[in-house]
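The values are calculated or read from the model by the stated rules, or taken from the named source; none is laboratory data. It should be emphasised that the depicted structure is a prediction, and the values quoted were computed from it without experimental measurement. Note that we place each Cβ from the backbone using ideal geometry, even for glycine, and neighbour counts take in every protein chain shown. Accessible surface areas use protein heavy atoms only, side chains included; no ligands, DNA or RNA. Shrake-Rupley method; radii C 1.70, N 1.55, O 1.52, S 1.80 Å.
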Amino acid sequence: MRSGTRVTDAVAVISHDDHRFSSPKHSHPQAQLLYAVSGVISLTTDSGTWVVPPSRAVWLPPNLEHVTASHTSVQFRSLLIDIGDNDALPKACTVVEVTPLLRELILRLTNFAAKPDGQEMVEAVIRLLLLELTFLPAQPLNLPLPRHPALAAFCATMRDNLASASSIEEAAAALHMSRATLMRLFQRETDLSFGQWRQQARMLKALALLAEGRSILDVALECGYDSPSAFSAMFRRSLGRSPRNYFQSLNPPEETAQGVTDGQSLSVAG
């Protein structure tokens with residue numbers, strides 16, 4: 001179920017509670033903040049993929065073409081915000097941890113959409129939300145995608161089989177180039193080494209599988225790790241928490257699952 005309502009001329013709130021979905025490629029003239037209440041959202045642009053697990057959010061600058069998808073049932077809230085000439089906000093897609101303050105501000109705006117309140121209060125909440133976003137550190141939850149056609153195709157194949165332990169020498173042979181050439185190309189196209197890119201792809205895949213309730217053993221093996229302990233060690237190094245505790249780090253309060261239906265409706269793609 002998906003619905004949207006304008007809170008002010010500059011802000012609209014979209015509520016989305018649905019099963020697995022994928023949007024067409026689209027953009028918004030406003031900036032967008034996508035907050036995952038439950039489930040995992042992935043957002044893909046021409047330059048990369050961002051993964052948004054529960055209690056995280058992704059910020060999109062205006063007019064950025066993207067595709068939004070989920071791997072299982074999902075509940076998220078989205079804010080479309082006309083940011084005007086605010087230069088303090090992120091200029092690129094960024095995943096942030098939703099602090100208790102940011103979560104309450106998002107939910108307050110959702111409530112305003114359902115039950116309009118005084119304009120001064122709404123504008124105060126919006127100002128505080130935008131200020132909070134300028135202080136939040138980015139989370140390492142994106143995977144840069146190469147533009148080089150052959151490398152992009154190879155990376156797509158690698159993402160489909162993350163359990164494979166193919167070496168950089170084997171990758172270079174498959175791409176008909178030397179090991180040194182592939183290393184330089186990977187670094188230039190993604191700002192990551194071959195090994196770093198594959199580890200990041202595995203971690204983002206692991207997040208989606210863990211959100212589906214898969215066991216740590218199953219996730220570790222499907223993502224190419226020899227044991228749950230090796231997978232857990234990588235996960236903790238990358239995200240600062242164990243996979244068992246990651247989704248419990250910020251437990252959102254119970255929130256109504258029904259979409260916002262009052263007020264001025266919007267047609268949205270996510």
Determine which aspartates and glutamates satisfy two conditions relative to Lys25: a Cα distance under 16 Å, and not lying fewer than 8 residues away in the same chain. Asp46, Glu65
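Checking the a/c ratio against 1.5 first, then a/b against b/c, what shape does the Cα gyration tensor give for the stretch 8-49?
Numbers: a/c = 1.92, a/b = 1.15, b/c = 1.67.
Judged from the Cα gyration tensor, the stretch 8-49 comes out oblate (a/c at least 1.5, b/c at or above a/b).
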Dimensionless Rg over Rh [the chain; C-alpha; Kirkwood]: 1.00
Rounded to the nearest 500, what is the chain's calculated 222 nm mean residue ellipticity when only DSSP H runs of at least 4 contribute -39500 (n - 2.57) each, over all residues? -12000 deg cm²/dmol
Share of the stretch 5-135's accessible area from carbon and sulfur, percent, 1.4 Å? 53
Proximal charge balance of Gln139 [Cβ under 13 Å; K/R count +1, D/E count -1]: +1
Calculate the dipole size of the stretch 143-249 relative to its Cα centre from +1 charges on Lys and Arg beta carbons and -1 charges on Asp and Glu beta carbons; express the result in debye to the nearest 20. 340
Heavy atoms only, probe 1.4 Å: what % of the accessible area of the stretch 143-249 goes to carbon and sulfur, would you let me know? 50
Local electrostatic count, Pro243, Cβ distance below 11 Å [Lys/Arg +1, Asp/Glu -1]: +4
What is the local net charge at Asp9, summed over the other residues whose Cβ is closer than 13 Å to its Cβ (Lys, Arg +1; Asp, Glu -1)? -1
Name the residue from Asn63, Ala10, Ala113 whose Cα lies farthest towards the positive end of the charge dipole of the chain, charges +1 on Cβ of Lys and Arg and -1 on Cβ of Asp and Glu. Asn63
Which residues qualify? For Leu145, with a placed amide H closer than 5 Å and at least 5 residues away or on another chain, they are Gly48, Thr49
Burial order of peptide ranges 33-43, 166-176 (average beta-carbon count within 10 Å, highest first): 33-43, 166-176
Computed for the stretch 33-103: size of charge dipole around the Cα centre, +1 on C-beta of each Lys and Arg, -1 on C-beta of each Asp and Glu, debye to nearest 20, value 340
For the chain: accessible area per residue (Å², 1.4 Å): 47
